[in-house]
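The structure appears below as structure tokens.
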Amino acid sequence: METASLVLKSDLIVSRQHNREGIFFIIKDPSTERFFRFKEIEAYIAQQCDGQTSTEVIHHRAKEKFNIDLTQENLTQFITRLRGIGLLIDKNSVPAIRRKNSDRFKGDIFYLRCPLFNPDKFFDWLLPRVHFLFKPAVLFMCAGLIMLAVNITIISWGTIMHEFYGLLKLEFFVQAWLIMLGVVTLHEFAHGLTCKHFGGHVREMGFMLIYFQPALYCNVSNAWLFPKKAHRMWVTFAGAFFEISLWAIATITWRVTDPGTTVNHFALVVTVTSAFKIFFNMNPLIKLDGYY
């Protein structure tokens, strides 16, 4: 293999980021929707692969720029790896026609995904209409409601448990399932809209099975390209923050409405189902928000 003939793909999307370890680069390959994380020297070497520069020249430039003990063997192995993951292509070869993957399902038996549609244009339409939700005043208000709901829960724990046991009928489980379906949908919308708010794209939304449990998902992997860590974290936390805020509103509504009324009953059902969903979603052992 003539490494001098290898060239970095021209359609890659590169994001330069910082952390405590220094500078690193997130590279997205649009043709495969895969993301790669490289240190500064690795990204520099990849950028030197222009189909004309020999590995000897790249080796010399890298050693001189970063003042490190880089061997020719290490360099060749890294370039071979770049070609193996599809970031380098041979400039002399005929471009391969990538066939669209016909498999409807992705993942494995414990984490199975079925893409349904591309929501990007819909989120483009929806975001201006709900943009006020991203204002700091709204976030502070939600934080205040959450703290109030926590206090209500602590003070009224006995009453909540007593009324919860009274709910355990077939009717409750039907209501809980319908509510959870709606909440999960809005949860994924929160992820997608937050990603759009910070300038990302959301190309995939669909249905999934997590350990044989049905759920919806929104692919917001584009957030890995955001330079600011805070933006990436908000995209990850958006769904959970929405659910916690919903739980808080439902808990307060249950407390201030008269027992036995339809609103009071519905609020309690939302409170209980949301609390269960939050506990499940924030479990760090399952590949959901708590894990990421």
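List the residue ranges in the chain for DSSP H helices whose C-alpha atoms run 24 angstrom or more along the long axis and whose Kyte-Doolittle average is 1.0 or above.
On the way: long enough: 136-155 (29 Å, 2.30); 170-197 (40 Å, 0.91); 229-256 (39 Å, 0.69); 262-281 (28 Å, 1.15).
Span-like helices here: 136-155, 262-281.
With every protein chain left in place, what is the accessible area per residue of the chain in square angstrom, probe 1.4 Å?
Values: 17860 Å² over 292 residues.
Per-residue value: 61 Å².
Per DSSP helix of 4 or more residues, -39500 (n - 2.57); summed, then divided by the residues of the chain. What does that give at 222 nm, rounded to the nearest 500?
Working: 9 runs with 152 residues, N = 292.
About -17500 deg cm²/dmol.
Restrict the search to the range 103-164; then list the trypsin sites (Lys or Arg not before Pro) that DSSP places in a loop and that have at most 13 other Cβ atoms within 10 Å of their Cβ.
On the way: sites: Arg104, Lys106, Arg113, Lys121, Arg129; in loops: Arg104.
Taking the range 103-164 and a limit of 13 other Cβ atoms within 10 Å, the loop trypsin sites (Lys or Arg not before Pro) found are Arg104.
Rank these by accessible area, largest first, 1.4 Å probe: Leu82, Leu216.
Numbers: Leu82 0, Leu216 45 Å².
Output order, biggest surface exposure first: Leu216, Leu82.
Phe207 accessible area, nearest 10 Å², 1.4 Å probe?
In the full protein context, Phe207 sits at about 80 Å².
Compare His201, His18, His231 by solvent-accessible area with a 1.4 Å probe and give them largest first, with all protein chains kept in place.
Details: His201 75, His18 115, His231 50 Å².
Final ranking, largest accessible area leading: His18, His201, His231.
List the pairs from Lys135/Lys229; Lys9/Lys196; Lys39/Lys63; Lys106/Lys229; Lys28/Lys196 whose alpha-carbon separation is above 23 Å, in the order I gave them.
Working: Lys135/Lys229 19 Å; Lys9/Lys196 26 Å; Lys39/Lys63 15 Å; Lys106/Lys229 28 Å; Lys28/Lys196 17 Å.
Going by Cα-Cα distance, Lys9/Lys196; Lys106/Lys229 fall outside the 23 Å limit.
5 Å is the cut-off here: which amide hydrogens, built 1.01 Å from N in the peptide plane, fall below it relative to Leu116, excluding neighbours closer than 5 in sequence?
Counting only residues 5 or more places away or on other chains, the set is Met205, Gly206, Phe207.
Lys/Arg Cβ at +1, Asp/Glu Cβ at -1, dipole of the chain taken about the Cα centre: which of Asn281, Met180, Phe25 is farthest positive-ward?
Final value for the positive-end residue is Phe25.
Could you point to the label whose value was computed as Rg and Dmax of the Cα atoms in Å for the structure here, given (1) 24.8, 80; (2) 22.9, 78; (3) 20.0, 60?
Recomputing Rg and Dmax of the Cα atoms in Å here picks out (1).
Take the Cα pairs of the range 138-277, get the Kirkwood Rh, then feed it into Stokes-Einstein at 4 °C and 1.567 mPa s and tell me D in µm²/s.
Numbers: Rh = 16.4 Å.
Estimated via Stokes-Einstein, D reaches 79 µm²/s.
Sort Leu139, Leu75, Leu70 by heavy-atom solvent-accessible area, probe 1.4 angstrom, most to least.
Working: Leu139 55, Leu75 0, Leu70 25 Å².
The most accessible residue leads, giving Leu139, Leu70, Leu75.
Given charges of +1 on the Cβ of Lys and Arg and -1 on the Cβ of Asp and Glu, with all other atoms neutral, how large is the dipole of the chain about its Cα centre, in debye to the nearest 20? Provide the component values of the computation, followed by the final result.
On the way: 31 positive and 24 negative charges, 70 e Å.
Computed charge dipole of the chain: roughly 340 debye.
The values are calculated or read from the model by the stated rules, or taken from the named source; none is laboratory data. None of the values given here were measured: they were computed from a predicted structure. We place every Cβ from the backbone using ideal geometry, glycine too, and count neighbours over all the protein chains shown. Note: accessible area is taken over every heavy atom of the protein model, side chains too, but ligands, DNA and RNA are not part of it. Shrake-Rupley method; radii C 1.70, N 1.55, O 1.52, S 1.80 Å.
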